[in-house]
Amino acid sequence: MSKGIEVPKDARPIMLDGAEETLLGDPMGARKQYRYGNLHIREYEDKYVVHVDRADPRKDPLMHILLDAPELIFASVFGVYAGLKAGSRVYKATTSKSNAIIAGTLVSAASGYMLYLLGRYIKDRIMMRG
């Protein structure tokens, strides 16, 4: 789990006036997510986890991905590459476009997601040290 400040709900309800519920960001098991400027709040059953992003994804999604979620870039690029390679191999073996598309899509999604998880794991380990 990415670093953040944990605030128990029974200690203090922290929902800020003006904080907006959002779907942007990895919920990481949270019931809801909120954004207030660069502040990202995840609401769990018994606590809030709060951290500050370097860029607000609602205002500057590209900078947010570059600064706060670079694992998405690597996962996407690798997923597309792996999907194209798999689809090409299946097409050469079967000459079936539909089988090639299905194989490419499945390999792309699976490999992209695996690399995303690996990137998050590495990023979280680096954050724990710093």
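Only the coordinates and a few stated rules stand behind these numbers; no lab work does. Small disclaimer: the values here were computed from a predicted structure and weren't measured. All Cβ positions, even for glycine, are placed from backbone atoms using ideal geometry, and neighbour counts span all protein chains on display.
Some points to look at:
- Charge dipole magnitude, Cβ of K and R +1, D and E -1 - region 5-60, Cα centre, debye nearest 20: 60 debye
- Summarising the amide proton neighbourhood of residue 48: residues at separation of 5 or more, or on other chains, whose placed amide H is nearer than 5 Å comprise 7, 9.
- Label-zone membership for region 41-85, site residue 32, 7 angstrom Cα→C-beta point, backbone N under 13 Å: 41-45, 48
- Dipole magnitude for the chain: about 660 debye, using +1 per Lys or Arg Cβ and -1 per Asp or Glu Cβ, origin at the Cα centre.
- Checking the cross-link pairs 32/59; 59/123; 92/123; 47/123 against a 26 Å limit on the alpha carbon distance flags 92/123 as lying beyond it.
- Quotient of Cα Rg and 2.2 N^0.38 Å for region 56-130, N being how many residues it contains: 1.39
- Relative contact order of the chain, taken over Cα pairs closer than 8 Å and 6 or more residues apart, is 20 percent.
- Distance cut-off 25 Å, percentage of C-alpha pairs in the chain lying past it: 40 percent
- Within a straight-line Cα-Cα reach of under 15 Å, residue 9 can be paired with the following aspartates and glutamates, leaving aside sequence neighbours fewer than 8 residues apart in one chain: 43, 45, 46.
- Sites residue 106 and residue 11 - FRET efficiency at Förster radius 35 Å, r taken between beta-carbons, to 0.05: 0.20
- Label sites at residue 67 and residue 19, each approximated as a point 7 angstrom past Cα along Cα to Cβ, lie 2.1 nm apart.
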